[in-house]
1. Picking from 530, 557, 542, which residue would you name as being surrounded by fewer than 18 Cβ atoms within 10 Å (Cβ to Cβ) and in a loop (DSSP other than H, G, I, E, B)?
2. Step by step: first the residues of the range 179-195, then only those that are crowded, with 16+ Cβ neighbours inside 10 Å and within 30 Å of residue 137 (Cβ to Cβ), then the one that is modelled with the lowest pLDDT. Which residue is that?
3. Would you mind stating whether residue 307 is under 21 Å from the mean Cα position of the chain (by Cα) and either within 23 Å of residue 502 (Cβ to Cβ) or not assigned by TED's automatic domain parsing to the domain that holds residue 499 (or both)?
4. Which one is nearest to residue 242 (Cα to Cα) among residues in the range 291-316 that are out of contact with any strand residue (DSSP E or B) (no Cβ under 6 Å at 6 or more places or on another chain) and in contact (Cβ under 8 Å) with a residue 40 or more places away in the chain?
5. Could we say that residue 354 is in a helix (DSSP H, G or I) and either in contact (Cβ under 8 Å) with a residue 40 or more places away in the chain or closer than 26 Å to residue 267 by Cβ (or both) here?
6. For the range 457-478, give me each residue that is within 17 Å of residue 250 (Cα to Cα) and either surrounded by fewer than 22 Cβ atoms within 10 Å (Cβ to Cβ) or in the same structural domain as residue 364 (by TED's automatic domain parsing) (or both).
7. Farther than 27 Å from residue 414 by Cβ and over 30 Å from the mean Cα position of the chain (by Cα): which single residue out of 257, 285, 289, 264 fits that description?
8. Check 217, 209, 176, 164 and return the single one that is assigned to a helix (DSSP H, G or I), assigned by TED's automatic domain parsing to the domain that holds residue 89, closer than 16 Å to residue 402 by Cβ and at pLDDT 75 or above.
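The values are calculated or read from the model by the stated rules, or taken from the named source; none is laboratory data. Values in this document were obtained by computation on a predicted structure and should not be read as measured data. We place every Cβ from the backbone using ideal geometry, glycine too, and count neighbours over all the protein chains shown.
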């Protein structure tokens, strides 16, 4: 009996010891779980606090940036204090979003990309405030930024030289900020972040592009505007009513002289004054002979059947040299739609004839009304030339606010209506990377370029009534990094019936009010066309080449009110996985140009 009690007691002690060990283990686990939960909760509370404060910092920074912009433009000495406040806001936002919690959060499912986007935006804005803005603010308090526009026909080149270093520094910092946001896709973010992040990214992209162009301008203007000797430039005014690849025929020209920043307009004329040459003014390349007629290098009206403005300008310069005995240093081109953008800044301009040009009327008057009401070609050219001189005089006088005028010029450049070329190799190399180059990319790396351009084949002024939209889609990503791209051009005629020969083709074999056009299609470098259709009818693809890019053309006619569709399918070159860029002719209507198409290769 005693032995039984002892065994029971030993068994009870063993059970008790096991229970104690089990309880201690469970308690430790509970405590660990409670500790972990507490740490996670604390981390979430800290993260939430940082996120709220960072958001507040960014909102405050946006308000300060708006105030700073106005102060910089006005040369307000108070801009330095505003900059200090802005830098404090962006620095606070960057520091709050640059810790281990944010690094961990950026890798979480669902919300990770949103956390990473906020962190990237904060860092990018801090870069702008810390590196890009201080030199600009400093120079704005010492130099009148309005002095960079003409005053009494002259641009102060000393002011241009003074601001150049600040602009260069700003460009570098803005490029770094743009790169910080390169991988941020606003469309994939949560709704509350989508719009503000997209806006900030777009603003930094725009600011970087503007700084890049300003940097080039600040470096080139002192020399190109005659600071180191007289310069002469050929101004071409393209006439979109007779369409060509870069806009329209060179309806008129003028010679502009620059001496120490002072601009004057000299000799003016039209293609009636600079008549076709019997011999080529420059040799045609092998590619050019396979795509264009000899008129490219003999007739001013056809120098821009090529989409490469630099080549058009080179040919036009040779024509000015041989036909006008004027040796020019460069070529500048605008069109009446660009003039309308400029007039949006200057306000109305009244010609000596009493006609008033403004933003809403200049395109109709220059591209249509003059041909309906004036039958004498010389009188038509005189009107065109007077309009160009009057707008030039108003801009160079400095009698109007500079900001709206510059805004009009920027808009014209974005639509490929304002283009510049220099015969001096170092200057042209700098221009080539800007929005005024009018370039024709032939070595594109990972970015495929697609072109759709139009040309009138009947010497009419019918394209005032020509309307078109050009859209592109990357359909598939194929082996070797190629993309299958489809481009659709919807073309139409808004012309009334029975238009006179002054507007309709001068060729009496062409019915009144009919358009006869050519669409030039260019595939990316190293690519090729796989299918061309006009109104769903397959077209014979006869491929030539220009600068390593496959070219084919589609002739078509348009009767009044008719609508047609051209669809081109093509392969990009190998390794071209970036977003395709679509460029087209700037027509009478305002368009977006150099449009990026989302890549099918991600």
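1. 542
2. Looking at residues that are crowded, with 16+ Cβ neighbours inside 10 Å and within 30 Å of residue 137 (Cβ to Cβ), I get 193.
3. yes
4. Within the range 291-316, the match that is nearest to residue 242 (Cα to Cα) is 302.
5. No; evaluated as a whole, the condition is false for this residue.
6. Within the range 457-478, 457, 458, 459 meet the criteria.
7. Answer to the check: 289.
8. 217
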